[in-house]
Amino acid sequence: MEQLKQQSSGTDWTVEEECEVCSITYSIYSKFPPMPSAQALNAETGEFFPFDRVRTLKSGYDMAKALGYAWACECRGRPRTPPQNLGNAQAFEFTPHARSGDGVELAGSQGTPRNNQAQNRQTDHVARILRLTPRQSRQLHDEISGQGLGFHEIMERAKDMFNL
């Protein structure tokens, strides 16, 4: 465990101990840029909430608690009680490159440009990068039309559509 220290009149004194879970969580999430439309997921409850709420929390433990994995914390004498509400959890079969249309975008996109011409340029750019035929480019455009996808999502959709 890492010990947090604070300067007080030239001497070091230990404030409290912080485990790796809390310190790593804080070091990651406190430095994220503002993302007003992004959503975070509480792993225990399955509920989504505004991602910016995580960034504003004052400790790694509070962030881990909001994200649903505070049970893994080993600092400050907290009890480590794993989630108990997983009794109804069902295994699922992973199928690579399967698209169901049920996906929820959490983060990782630069977002949708504000105008249609910019969105069309993104689609054309993806088509050039992947060397799509004019017919494939048209299919891609028709597939993503009206979905508000950003560049990275368009790229992934094109790769899935044409097995690239």
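No lab work stands behind these numbers, since they all come straight from the coordinates. No experiment lies behind these values; they were computed from the predicted model shown. For neighbour counting, all protein chains shown are included, and Cβ atoms are generated from backbone atoms with ideal geometry for every residue, glycine included.
Cβ-Cβ distance of Ser37 and Leu130, R₀ of 25 Å, FRET efficiency by 1/(1 + (r/R0)^6): the value works out to about 0.35. Relative to the current alpha-carbon distance between Met161 and Arg138, full extension at 0.36 nm per residue lengthens the span by 7.1 nm.
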